[in-house]
1. With part of a loop (DSSP other than H, G, I, E, B) and closer than 18 Å to LEU19 by Cβ as the only criterion, which of LEU47, LEU71 stands out?
2. For region 29-61, which positions are under 13 Å from the mean Cα position of the chain (by Cα) and within 13 Å of MET84 (Cα to Cα)?
3. Tell me which residues, restricted to region 80-116, are touching a residue at least 60 places away in the same chain (Cβ under 8 Å) and either over 18 Å from LEU26 (Cα atoms) or among the hydrophobic types (A, V, I, L, M, F, W, C) (or both).
4. State all residues of region 86-136 that are in contact with a Lys or Arg (Cβ under 7 Å, 6 or more places away or on another chain) and of a type outside the set (Gly, Ala, Ser); if no residue qualifies, say none.
5. Tell me which residues, restricted to region 74-126, are of a type in the set (A, V, I, L, M), outside any helix (DSSP H, G or I) and touching a helix residue (DSSP H, G or I) at 6+ places or on another chain (Cβ under 7 Å).
6. State whether the residues of region 24-38 include one that is loosely packed, with under 15 Cβ neighbours inside 10 Å and within 22 Å of ASP129 (Cα to Cα).
7. So which residues in region 1-44 are out of contact with any Lys or Arg (no Cβ under 9 Å at 6 or more places or on another chain) and part of a loop (DSSP other than H, G, I, E, B)?
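Every number in this text was worked out from the coordinates using simple rules, so none of it is lab data. Please read all numbers here as calculations on a predicted model, not as lab measurements. A quick note on method: Cβ atoms are made from the backbone with ideal geometry, for glycine too, and the neighbour counts reach across all protein chains shown.
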Amino acid sequence: MPIDQAFFATWTPRAQGLLRLVASFLFLQHATAKFFGIPHVAFFDSLQLMSLIGIAGIIELVGGTLLLIGLWARAAAFVLSGEMAFAYFIAHAKHDIISPMMNQGEPAVLYCFVFLFLAVAGAGAWSVDAARSAART
């Protein structure tokens, strides 16, 4: 039984929505670790809000929440993609080792491109953006 275009038309938005939900939930944990200690990461115990990591945490908290619920998902994903590109070049590539595998930058690169995909493709199913779009039609 060949898979036809109807299959992809039905399941692509759902897979996209699932990718958005999982990626934003995992990403949001970075912000909750920084500000609420959940999960506890000792490195963030004395986090200064107006430091580079503190500002990144604010972006992660706001952007991750918006992306999780799928509200203004394209804009949020675009900002988060930029943050992850910035994080890669500031924290990982500065070691003169460009390979993400060797400079521990793989998560930053993956988040960057997952968020870039969502910025272009949209939130997918199960999002406030999708509900608002359906209400308009």
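1. Working: LEU47 fails: closer than 18 Å to LEU19 by Cβ.
Every option except LEU71 fails the conditions.
2. Correct list: HIS30, ALA56, GLY57, ILE59, GLU60.
3. Just the residues of region 80-116 that are touching a residue at least 60 places away in the same chain (Cβ under 8 Å), to begin with: 111, 114-115.
If the condition is that a residue be touching a residue at least 60 places away in the same chain (Cβ under 8 Å) and either over 18 Å from LEU26 (Cα atoms) or among the hydrophobic types (A, V, I, L, M, F, W, C) (or both), then VAL114, PHE115 are the ones that fit.
4. Of everything in region 86-136, just one residue is in contact with a Lys or Arg (Cβ under 7 Å, 6 or more places away or on another chain) and of a type outside the set (Gly, Ala, Ser), namely LEU118.
5. We begin by selecting, within region 74-126, every residue of a type in the set (A, V, I, L, M); these are 75-77, 79-80, 84-85, 87, 90-91, 93, 97-98, 101-102, 108-110, 114, 116, 118-121, 123, 125.
After this cut, where a residue has to be outside any helix (DSSP H, G or I) as well, the list is 97-98, 101-102, 123, 125.
Within region 74-126, ALA123, ALA125 qualify.
6. Within region 24-38, one or more residues are loosely packed, with under 15 Cβ neighbours inside 10 Å and within 22 Å of ASP129 (Cα to Cα).
7. Within region 1-44, MET1, PRO2, ILE3, ASP4, PHE36, GLY37, ILE38, PRO39, HIS40 meet the criteria.
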